[in-house]
Amino acid sequence: MSRSTSCIQPPYSFNPLTGGIRQPRMITHRRKYWDQHQTLRIAFVSATSRALQKEIAAAASPWLEHINLTFEWVKGKEGDIRINTDTDVYNSYLGSDSLQIPAGEATMNLSFNEAFRPEDYPGCVLHEFGHALGADHEHMHPESNIPWDLPVVYEYYARTNGWSQQKTDDNVLATHENSQFLKTTAYDKLSIMHYPVEQELTVGDWEATQQAILSAGDIAHMSSLYPKA
Ligand SMILES: [Zn+2]
């Protein structure tokens, strides 16, 4: 199971993106990040073994070396971030959007099934925690300029994910000119937040391989949001 077939963000029903209305960048782009130096309480809402909880905590921890937030892994089902491992999907609400989700409902889905375990489970966890901290998909960066081969892209996501053209537009092809989380650092092809892009999906010689660790760009971005010093 590759990340490209699974990680799409839940709809923003409580905070619709602005559609065609372009909002001023500087006013909106930091609106829904966590508070500086905040301790994020993280809970599991599904039955999750201690071993898997530890594995997830370890996989998420590289972010902590670069930010001023703290993760507190709590018992029980109440937390700022609530993880469900009993699911087929990977996704997470962005930043403090999680606070607007009703208590008891997951804010992050981290599918776990020994039989279908992705080869890069730690990388998937790192990616979803990037969302939870407020990072959006990197391939949707306004400066990504990916030379998509559109007919092939639509056919690919229809075949592999069962997505309509619209869903592919929304999750792969669109760029986040209007995002509340508009990134202030440069486009980074090596970001953990980038979908892998196979050569066949682009025109000419362009591909992005799936990443398993934080890139220098990821570190620069997140440390700019939550600077340690
Ligand atoms: Zn994602």
- prompt: Going by the conditions given, is ASP188 within 16 Å of the ligand (Cβ to nearest atom), in a loop (DSSP other than H, G, I, E, B), of a type in the set (D, E, K, R) and within 19 Å of ALA135 (Cα to Cα)?
  reply: yes
Options HIS131, HIS221, HIS141, HIS176: the member that is in contact with a Cys (Cβ under 9 Å, 6 or more places away or on another chain) and of a type outside the set (Gly, Ala, Ser): HIS131
message: Which condition from (1) surrounded by fewer than 21 Cβ atoms within 10 Å (Cβ to Cβ); (2) in a helix (DSSP H, G or I) is the one that ASP218 breaks?
response: (1)
- request: Go through SER164, SER179 for me and flag whichever is modelled with pLDDT of 90 or more and among the small types (Gly, Ala, Ser).
  value: SER164
message: For the range 50-58, check the following and say yes or no: at least one residue is at pLDDT below 50, of a type outside the set (D, E, K, R) and loosely packed, with under 11 Cβ neighbours inside 10 Å.
response: no
- request: Scan the range 191-212 for residues that are surrounded by 13 or more Cβ atoms within 10 Å (Cβ to Cβ) and assigned to a loop (DSSP other than H, G, I, E, B) and jot them down.
  value: SER191, ILE192, MET193, HIS194, TYR195, PRO196, GLU198, TRP206, GLU207, GLN210, GLN211, ALA212
message: Restricting to the range 199-220, give me the number of residues that are of a type in the set (D, E, K, R) and in contact (Cβ under 8 Å) with a residue 40 or more places away in the chain.
response: 2
query: Counting only residues that are within 14 Å of the ligand (Cβ to nearest atom) and in a strand (DSSP E or B), which one in the range 72-122 is surrounded by the fewest Cβ atoms within 10 Å (Cβ to Cβ)?
result: ASN91
query: Of all residues in the range 123-155, which are more than 15 Å from the ligand (Cβ to nearest atom) and either small (Gly, Ala, Ser) or not in a strand (DSSP E or B) (or both)?
result: PRO142, GLU143, ASN145, ILE146, PRO147, ASP149, LEU150, PRO151, VAL152, VAL153, TYR154, GLU155
query: Condition test on ALA58, is it touching a residue at least 60 places away in the same chain (Cβ under 8 Å), over 26 Å from LYS183 (Cβ atoms) and within 18 Å of the chain's Cα centre (by Cα)?
result: yes
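The values are calculated or read from the model by the stated rules, or taken from the named source; none is laboratory data. Note that the structure is a prediction, hence the values are computed from the model and not measured. We place every Cβ from the backbone using ideal geometry, glycine too, and count neighbours over all the protein chains shown.
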